[in-house]
Amino acid sequence: MSMMGGEFNGSLKSDQRARRLSRARRRFIPRGVGVALGLSVLGTAGFAVAAPTGPAPPGLGAEAWEEDSDRSAEPEHQELSLLNYFFVRGSFTNQLGDPSGLRGVSLGPLGPGEGIGSSTSVGSSTTNAYVEQRWIPVLSYSPAFADGLATFRAQFEVDYTWGLAANTVQNNQGGGFNADQVNIQTKNVNVALYPTRNPLQMSILIGTHSVYDSIFDPTITSLFDIIQTGYKLSYIGSDATGISLFANGGAYGRGKLSFIPIGAAQPDKASEGDARFSYIYLATADYMYEVAPGTRIGASLWHLEDQSKGEAYAYQGLVKSGPSSNALSAYTGTAPFNIDSPSGNVNYLGVNFHHNINFKTSPFAASGFAMYNRGKFTSEKEDTQKNKSVDVRGAAANLELMYNWGFTKDDRVTLEGMYTTGDDDPNDGTYKGAFTMNYYGLPGAVWFNHKALILFPFTSTVSNYTGAVTDISNRGAGLTAGIFTVAHDVIPNKLNVKLGGAYARSVERPIWAGNIQGGRTIGAEVNAEIRYSFRYLMTVGLHGAYMARGDFFTGNPQVAKDPWAAFTTFTWYAF
């Protein structure tokens, strides 16, 4: 009797635990979808971007957390939900960027020139220390009467540097004494329609939403997957207003169509009294087919049309956008064209693949892409003294190999390479580099998968996004780069240590002020990172890096010393 009772009680407890886990999993699905949204929209919000750190659903540590957490007593998923992201970074570095130009934000490559862009310099007396903070709430509302057909989402952002400004109105400021700053930024306001009532099958996003060069729906896909697929945000990575359709046809493949107005201007209002808008827009079509479980190949065809004559703004009233904008190029690391009042278009043709990026089928994983862009801009200024037109043709290729050598998914070795074509004369009538959305945004593209801290910008950031190379075109000079990392979970899913190295060269030699020509070696970086997750989705980190600068900077007085940096980070996602 006692044995039977014991078996019964054991079986009952087992069933109860199974039911609890089942209920918890059912609750976790919408929460996981929501956090995937959070991790995706939180990542590339604003001028600078904050990469997720440590375990995060549905990424590393999620399964262990789910098994150990009984959330069966919690209420059912609510119609209205809140995702919360809080991040603080402390920096100690000899890279000194000037945030006054963008009113609180330092952005762009090292050594753009004195008084140009954020004018980031590295010298004997440029040691700099600061703390920056970000808070992002994401509201999601799925009313019952919508019957699973629609969800409304709104995302806002509050960024500032500790001690900077108070009692006024300005984004990216408000950390001063008294606080009381009006500094909230609107990031995403959209409605997602689900014609089949299943977001995994089809979704239509209308309004302001995250726009990436990955085929996956950012509202239901983790940023961890998005930055490893498609073109890894190196061509498109920001927020924009428009409409995007995501469809998963199962055995027939996956598709995405998107139409995004990038900017608008009234270029003929002053000269002809014509108040009509001229637009810049981006139309994209992507397709992907799964050739084997976890192995997918894709193709893309995009069209960028710019009829703004260079009169649209990336920062309204302050920094103009487009290929003729010297100001924007200094902030984003592109090469400005030597042309007045340009109108034109660029077409993109790309292929990409990824294999087993979450190590579900084997310890080996890989991803990569190749992209070719071609177009032409023509000057609308009749008496121009610059080029009448500029032809655009450039290409980029990327490949990453990964090996999961240990017990957890964070025990991994990675090797990634990036190549982009270069232009030896940015002032002539042909541009031979990659043409990214950094010609239109602040920034508009952020290669997020590189894992470096100085050679390419440290992606866990708020208002400081600087590095030796901030656009894959490398100021039009082209890029050949390799990044190697090895990481180990010293305490599984708790304490992770990563060591890395990176090396980069330009394809063409740069020409600095005074017509001084530099060499091709940009530099070599070594870095180390330690992350400890003391609670699920709550992580602290220590990060350090040193870069030996190469002869690329010879003749550039703003990069007189080897850059180094040390960072502390605190990250908390809550949902």
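Between helix 2-43 and the chain, what is the angle of the helix's C-alpha long axis to the longest principal axis, kept within 0 to 90° and rounded to the nearest 10?
Relative to the chain, helix 2-43 is tipped by roughly 10 degrees.
Normalising by the residue count of the chain, find the relative contact order in percent from Cα pairs under 8 Å and 6+ residues apart.
Result for the chain is 14 percent.
At 1.4 Å probe radius, can you tell me the per residue accessible area of the chain in Å²?
Roughly 41 Å² per residue, with all protein chains present.
Determine the distance separating the Cα centre of region 520-575 from the Cα centre of region 274-297; give it in Å without decimals.
32
Taking +1 at the Cβ of each Lys and Arg and -1 at the Cβ of each Asp and Glu, which of Thr466, Ile491, Ala434 sits farthest along the dipole of region 426-534 towards its positive end, judged by Cα position relative to the Cα centre?
Ile491
How big is the charge dipole of the chain about its Cα centre, in debye rounded to the nearest 20, if each Lys and Arg gets +1 on its Cβ and each Asp and Glu gets -1 on its Cβ?
980
Could you give the size of the charge dipole of region 246-367 about its Cα centre, using +1 on the Cβ of each K and R and -1 on the Cβ of each D and E, expressed in debye and rounded to the nearest 20?
So the dipole magnitude of region 246-367 works out to roughly 500 debye.
Please sort 401-411, 203-213 by packing, taking for each peptide the average over its residues of neighbouring beta carbons within 10 angstrom, highest first.
Averaged packing, sorted descending, gives the order 203-213, 401-411.
With a 10 Å radius around each residue's Cβ, average the other Cβ atoms per peptide and rank 115-127, 438-450, 320-332, highest first.
438-450, 320-332, 115-127
Out of the total accessible area of region 434-474 (probe 1.4 Å, heavy atoms of protein only), what percent is carbon and sulfur?
After summing per-atom areas, the C and S share lands at 49 percent.
Can you give me the % of accessible surface on region 329-404 that is carbon or sulfur? Probe 1.4 Å, all protein chains present, nothing else counted.
Carbon and sulfur: 53 percent of the exposed surface of region 329-404.
Please name which of Tyr252, Thr208, Pro557 has its Cα lying farthest along the dipole of the chain towards the positive end, using unit charges on Cβ (Lys, Arg +1; Asp, Glu -1) and the Cα centre as origin.
Tyr252
The values are calculated or read from the model by the stated rules, or taken from the named source; none is laboratory data. A quick note: this is a predicted structure, and the numbers were derived from the prediction, not measured. FYI the Cβ positions are ideal-geometry reconstructions off the backbone, even for glycines, and counts take in every protein chain you see. Accessible surface areas use protein heavy atoms only, side chains included; no ligands, DNA or RNA. Shrake-Rupley method; radii C 1.70, N 1.55, O 1.52, S 1.80 Å.
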